[in-house]
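Heads up, the thing below is written out as structure tokens.
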Amino acid sequence: MLVFKLNRLNPQDRISAVEEIALAGQLAEQLEKPGMVERLVADLFDHENSHVRRIALNAVRRAHGYLQTDISLALLRKLRDPEPWLRHDAAWVLHEAGLDSPHIRAALRQLAGPVMLPYDQARARANPSDAMLHAQVRARQALDVLLARQTAGAMVAKLPYADGTLGHSHTRRREHLKLTFEKHRERGAKLRFRRLESGENKAAGALQPKQKAPA
């Protein structure tokens with residue numbers, strides 16, 4: 001089992017970039033089995049060897065493991081990984097998955113720092129070995145997608161409901177109730193009271209029942 005073999009590697013063991021890609025591909029093929037994503041996250045995401053951690057993270061990205069189970073907390077941990085390339089890969093997974101929460105946005109914003117697109121994106125392409133810059137750019141890209149989605153959702157929420165929909169019926173009903181309430185309120189405001197004349201006072205008193213004298 002590949003997970004078992006990777007888990008036995010020492011922190012000092014070196015793995016080339018080509019081997020990382022190959023092992024991540026092999027590991028991704030095994031993640032289709034039930035429970036494999038959870039096991040990989042538990043056994044390899046926090047491994048002492050940074051190569052093993054990166055292989056596991058890229059295997060999850062390739063297999064779309066985030067669709068099988070909720071790994072958002074594990075990805076949040078990887079955004080603070082000591083290795084910048086791991087932070088880059090974690091932001092990459094979040095970017096592809098579209099996972100969103102206040103904690104994810106805060107972590108992405110903290111990692112992105114002061115980078116600005118597209119200026120720093122071009123700077124990252126010119127400096128392929130600058131792991132931290134690449135991590136910041138990837139975090140900024142993921143964050144911008146989430147913010148754009150939020151803005152689009154707010155704009156859609158302000159649009160009127162289409163005719164015949166349940167929302168349109170509720171809106172029409174609320175408007176009708178509001179209009180009815182306003183009419184009743186105006187009608188009540190027009191009520192006037194007049195002073196009773198002396199003769200009317202006597203007539204009103206005669207209609208009232210007489211109180212019995214105390215025994």
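The values are calculated or read from the model by the stated rules, or taken from the named source; none is laboratory data. All values reported here derive from a predicted model rather than from experimental measurement. Every residue, glycine as well, gets a Cβ built from its backbone with ideal geometry; the counts of neighbours run over all protein chains shown.
One line per residue, one yes/no per condition, for (1) outside the structural domain of Phe4 (by TED's automatic domain parsing); (2) surrounded by fewer than 22 Cβ atoms within 10 Å (Cβ to Cβ); (3) touching a residue at least 40 places away in the same chain (Cβ under 8 Å); (4) within 25 Å of the chain's Cα centre (by Cα):
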| position | (1), (2), (3), (4) |
| --- | --- |
| Glu38 | no, yes, no, yes |
| Arg53 | no, no, no, no |
| Ala59 | no, no, no, yes |
| Gly65 | no, no, no, yes |
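Yes/no matrix, rows are residues, columns are (1) free of Cβ contacts under 8 Å to residues at least 12 places away in the same chain; (2) in contact with a Cys (Cβ under 6 Å, 6 or more places away or on another chain); (3) farther than 13 Å from Ala139 by Cα:
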| residue | (1), (2), (3) |
| --- | --- |
| Ile71 | no, no, yes |
| Leu79 | no, no, no |
| Ala90 | no, no, no |
| Pro102 | yes, no, yes |
| Arg109 | no, no, no |
(request) Could you check the range 1-65 for helices (runs of 4 or more DSSP H) lying wholly inside it with 1 or more residues that are of a type in the set (Asp, Glu)? (result) 17-30, 36-44
(request) Exactly one condition in (1) of a type in the set (A, V, I, L, M); (2) assigned to a helix (DSSP H, G or I); (3) more than 15 Å from the chain's Cα centre (by Cα) is not met by Ile104; state its number. (result) (3)
(message) Looking at Ala22, Ala28, can you tell me which residue is crowded, with 18+ Cβ neighbours inside 10 Å and among the hydrophobic types (A, V, I, L, M, F, W, C)?
(response) Ala28
(message) Could you list, ordered by first residue, the pairs with Cβ atoms under 7 Å in which the first is in the range 5-18 and assigned by TED's automatic domain parsing to the domain that holds His51 and the second is surrounded by 10 or more Cβ atoms within 10 Å (Cβ to Cβ) and acidic (Asp, Glu), at least 6 apart or interchain?
(response) Asn7/Asp43; Pro11/Glu48
(request) Given the conditions (1) part of a helix (DSSP H, G or I); (2) within 30 Å of Thr151 (Cβ to Cβ), report the number of the one that Leu99 does not fulfil. (result) (1)
